[in-house]
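Notes follow once the structure below has been shown.
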Amino acid sequence: MNTLGFDDKIVTIERHIQEQQKQIPHATGQLTGLLQDIALAGKMIASRTTRAGLAEIIGATGETNVQGEAVQLLDIYAHQTLFRLNDHTGRLCAMGSEEEEELIQIPDQYDNGDYVLLFDPLDGSSNIGYNVSVGTIFTIFRRVTPSGPGQLEDALQPMRRIVAAGYIVYGSSTMMVYSCGNGVDGFTLDPSVGEFLLSHPNIKLPAEPKYWSGNVSYYPTWTKGVKAYSDWLVNGCEGQYNMSMRYIGSMIADVHRLLLSGGIFFYPQEAAKTQAKLRLLYEILPMGFLVRQAGGYVSNGDGPIWDIQPDDLHQRMAVYMGNRDLVEKAEAFIAEHDK
Ligand code: P6P
């Protein structure tokens, strides 16, 4: 106990990011500044979401986005906040957002930088009216083109090439969870001082998984292999695990719980459809990167997503992420029944 009565040091996210930067080869201050700006965006968005029911910012705009989903007013606020905090810093060469069909260029009057930022500004926003946790998800790559305005190839990179990824979840508390490839750390916002303080250092999936998470209302649409896997889960995993089922319907909340409790989160592709639902670049890759950094495994049902080369900004894919043995069990059922 020191003279001020503190048992241990106070770690703000700014201090933590600076310490992370020292471990990243040839890292410049650009990444540090970018992560700090994302944390600021999180504080600004949190200030709106925690009073969505009061302010006139709840509800739909009447528009539909590139995904064909009803756009919520808070979606737009979150998207614009992330754009306006990052368009002029000279750290990015381009951005990609769930809310924009095309790659977002840096305005001509500003410099282009070395990084690309992809984000889902407000994942789970259809749940806002029910006071369910929502959040901002982000992926950061280093550009692959030499200079100038960012190109699509700067954004279409595999999970393996992620420089940093994370999310801010607006729930019973506001938390920012991120990784630069050296493990996963969680910070809780102290609204009284406006600081994210380290609250969940070095997050690792517990070896004993606690919850499985999938929308079993889609069971009739699944393939034989996925149905067999779902049956295995519902019938108690042949006694190998003692898990409960939890499904919030907000990926950020379901995966945040997964990181802390262990288990599996899965969103299969319907047998009759040509594509799945969840987006690869700004939902699956960043959340999967964190799960992998926390000791888990991320698959599309056939194999690891780690090296899969995205071919479109809004590409969708089936996903199974969590404790490795649970994910590999899904792969085994799919291989046995669907191949
Ligand atoms: P369903 C939210 O709309 C979202 O994109 C993810 O956050 C979530 O995991 C999924 O869709 C929920 O989809 O079909 O189960 O309601």
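The values are calculated or read from the model by the stated rules, or taken from the named source; none is laboratory data. Every value quoted in this text rests on a predicted model; they were computed, and no experiment measured them. Cβ: placed from backbone, ideal geometry, glycine included. Neighbour counts: every protein chain shown. Accessible surface areas use protein heavy atoms only, side chains included; no ligands, DNA or RNA. Shrake-Rupley method; radii C 1.70, N 1.55, O 1.52, S 1.80 Å.
Given the criterion open to solvent by less than 10 Å² (accessible area, probe 1.4 Å), away from the ligand (no atom under 12 Å from the Cβ) and out of contact with any Lys or Arg (no Cβ under 7 Å at 6 or more places or on another chain), identify the matching residue among LEU280, LEU290.
Details: LEU280 fails: out of contact with any Lys or Arg (no Cβ under 7 Å at 6 or more places or on another chain).
Result of the check over LEU280, LEU290: LEU290.
Could you please find all residues in the stretch 222-277 being outside any loop (DSSP other than H, G, I, E, B), in contact with a strand residue (DSSP E or B) (Cβ under 9 Å, 6 or more places away or on another chain), more than 15 Å from the ligand (Cβ to nearest atom) and open to solvent by 20 Å² or more (accessible area, probe 1.4 Å)?
Passing the criteria: VAL234, SER244, LEU260.
So which of ASP154, ASP111 ends up being farther than 18 Å from ASN65 by Cβ, among the acidic types (Asp, Glu), assigned by TED's automatic domain parsing to the domain that holds ILE45 and in a loop (DSSP other than H, G, I, E, B)? Give the derivation first.
Working: ASP154 fails: in a loop (DSSP other than H, G, I, E, B).
Being farther than 18 Å from ASN65 by Cβ, among the acidic types (Asp, Glu), assigned by TED's automatic domain parsing to the domain that holds ILE45 and in a loop (DSSP other than H, G, I, E, B) holds for just one of ASP154, ASP111, which is ASP111.
I'd like to check something: does the stretch 253-274 contain any residue that is on the phi > 0 side of the Ramachandran plot and not assigned by TED's automatic domain parsing to the domain that holds ASP185? Steps first, answer last, please.
Residues of the stretch 253-274 that are on the phi > 0 side of the Ramachandran plot, as a first pass: 262-263.
Filter again for not assigned by TED's automatic domain parsing to the domain that holds ASP185, leaving 262-263.
Scanning the stretch 253-274 turns up at least one residue that is on the phi > 0 side of the Ramachandran plot and not assigned by TED's automatic domain parsing to the domain that holds ASP185.
List pairs: first in the stretch 9-22 and over 13 Å from GLY183 (Cβ atoms), second of a type in the set (Ser, Thr, Tyr) and open to solvent by less than 90 Å² (accessible area, probe 1.4 Å), Cβ under 6 Å, 6+ apart or cross-chain?
ILE17/THR32; GLN18/THR32; GLN21/THR32
Checking ILE128 against (1) modelled with pLDDT of 95 or more; (2) crowded, with 22+ Cβ neighbours inside 10 Å, which test does it fail?
(1)
Among the residues of the stretch 208-229, write down those that are of a type outside the set (A, V, I, L, M, F, W, C) and within 20 Å of SER261 (Cα to Cα). Steps first, please.
If we filter the stretch 208-229 for residues that are of a type outside the set (A, V, I, L, M, F, W, C), which is where we start, we get 208-211, 213-215, 217-221, 223-225, 227, 229.
Within the stretch 208-229, GLU208, PRO209, LYS210, TYR211, SER213, GLY214, ASN215 meet the criteria.
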